[in-house]
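**Q** First the structure, then my questions, so here it is.
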Amino acid sequence: MKFFETSKYFSLKKSTYVTLRWIGILGQLISIHLVYFLLDLKFDFLTANLIIFLGILSNFYLIFIYKKVQISERSSFVFLLIDILQLAILLYLTGGISNPFVIFLIIPSVFSSSNLGFKISLFLVLITTLLIIILTFFYQPLPYPINLSNIINPFVYYSISISLIIALVFLNYFALSFGNESRIRKEALNRMEEVMAKEHEILSLGGQAAAAAHSLGTPLSTIKIISQELMKQFKDNKDVQKDIELLSSQVERCNQILKKLSLNPIEEDEFIDRDISLREYLNEIILSFKEISSKNFVFNYEQDSNSFEITKSIEIVYGLRNFIGNANKYSKENVIINLRSDSEFTEISIEDDGPGYPRDIVPKIGEPYLKTSKNNELSGLGLGIFIGKTLLEKNFASVNCGNSKTRSGAEVIIKWKNRELMNI
């Protein structure tokens, strides 16, 4: 499967990264100047300013020379490495691991883990860990009276390094996990947008075809009637009869082509544009599946339930089709659809008699690209459920997926408040 073809390429947005670097550089300048001039604490002030100046130059390079809007993964690694080394040198000049600002040393690697690939992030974590260990043993002491290196208990002193490394590993692990989930969700949403764009295009073409079928129906019927009259008039002329028969057959062929092009040749073409009730939605969707499936579809509803019309919505149609399609795919023989409605709520339940959802993915249903531990040829990736759930929830529905309590298969319950359903 060619998943992540696009999302394997990681990058940073240049404007955001440059802004964050300016904030960091400004903070460093304020800190060292405040300590040196206002508190009159002496350290290697000139070298510290030189290191910060190099950071300023690298930012100007990004702004004026690096022309791309997105910073490539390789370039991102270089600049994040510069940030880590710059801060490590500043910490070396100002007390090493005992400097309270040492916590900022883990920020670049965490930033990398949430935006860049695993290998780059792992390498930055290893470099940061090495620098923390070096700063534990090699550093220039903080000026008196804030130099605590000689009075801190060794157990406390070395625990600072250990706690930083543990925090570094955990924060990067969580950043990698959340970043990966975010990229998967973004990929799924992009896929959903592509599907919906195609659905809108198909609907538009179907509407045009249905309008053409309706508009051309009358003149084609007239041509057919005239051809039948000509057949009677020229019944003794075999040559003319052949031409008339050919004309009639071509008229019939035109009718068949127009019917195939229409959105649903069984229904009136006005179905495309008019508002309908949710029961009619389901009738249309079930009818489309009955034409291609041998499964038994059972549609239960109260006679007077959900009689109000709602705005025609391709999102609702596609969302319902996804769940009914899943039930059709995984069921053995029966797909049961129930529509219930009262004065406040409208509820649709879709059940099947198939194997149901695997237990290990039930808590995660609704997330895209799920994988089950069971070796099932029919098992999918959860993308259809994700798309259907997202589309229906965008239209004010609450969607709950699980295994049926009365049957062996899966069950999906879709519920609306009537006032929200009528305002779609």
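Bear in mind that the values in this text are calculations on the coordinates, not laboratory data. Only a predicted model underlies this, so the values are computations on that prediction, with no experimental measurement involved. Note that each Cβ is placed from the backbone with ideal geometry, even for glycine, and that neighbours are counted across all protein chains shown.
**Q** Multiply the residue separation of K394 and F174 by 0.36 nm, subtract the distance between their alpha-carbon atoms, and state the gained length in nm to one decimal.
**A** On the way: separation 220, 0.36 × 220 = 79.20 nm, distance 2.86 nm.
Net length gain for the segment: 76.3 nm.
**Q** Counting other C-beta atoms within 10 Å, which of R359, R183 has the fewest, and how do the rest follow? Let's see the in-between values first.
**A** Values: R359 11, R183 16.
If I rank by nearby Cβ atoms, fewest first, I get R359, R183.
**Q** What per residue convex hull volume, in Å³, do the alpha-carbon atoms of region 11-152 yield? If you can, show how the numbers build up before the last one.
**A** Working: hull volume 13.8 nm³, N = 142.
Expressed per residue, the convex hull around the Cα atoms of region 11-152 is 97 Å³.
**Q** Would you kindly state how much longer the chain becomes between N283 and T311 on full extension, computed as 0.36 nm times their sequence separation minus their alpha carbon distance, in nm to one decimal? Please report the intermediate quantities before stating the final value.
**A** Values: separation 28, 0.36 × 28 = 10.08 nm, distance 1.61 nm.
In short, 8.5 nm is gained.
**Q** Using R₀ = 51 Å, calculate the FRET efficiency as 1/(1 + (r/R₀)^6) where r is the Cβ-Cβ separation of I276 and L126; round to 0.05. It would help to have the intermediate numbers written out before the result.
**A** Values: r = 61 Å, r/R0 = 1.20.
E(calc), rounded to 0.05, equals 0.25.
**Q** Counting other C-beta atoms within 10 Å, and keeping those with at most 14, which DSSP coil GluC sites (Glu not before Pro) do you find in region 225-257? Let's see the in-between values first.
**A** Numbers: sites: E229, E245, E252; in loops: none.
The qualifying sites: there are none.
**Q** Related question: Enumerate the calculated ³J(HN,Hα) couplings along region 347-360 in order (Karplus 6.51 cos²θ - 1.76 cosθ + 1.60, θ = phi - 60°), each rounded to whole Hz, writing x wherever the residue is Gly or Pro.
**A** Couplings: 10, 10, 10, 10, 10, 9, 9, x, x, x, 6, x, 4, 6 Hz.
**Q** Pairwise over distinct Cα atoms, reciprocal of the mean inverse distance: report the Kirkwood radius of region 275-421 in Å, one decimal place.
**A** When all Cα pairs of region 275-421 are included, the Kirkwood radius is 15.6 Å.
**Q** Which pairs, out of K329/K417; K295/K415; K13/K68; K290/K332; K312/K332; K67/K119, put more than 20 Å between their alpha-carbon atoms?
**A** On the way: K329/K417 29 Å; K295/K415 25 Å; K13/K68 9 Å; K290/K332 15 Å; K312/K332 32 Å; K67/K119 25 Å.
Those over the limit are K329/K417; K295/K415; K312/K332; K67/K119.
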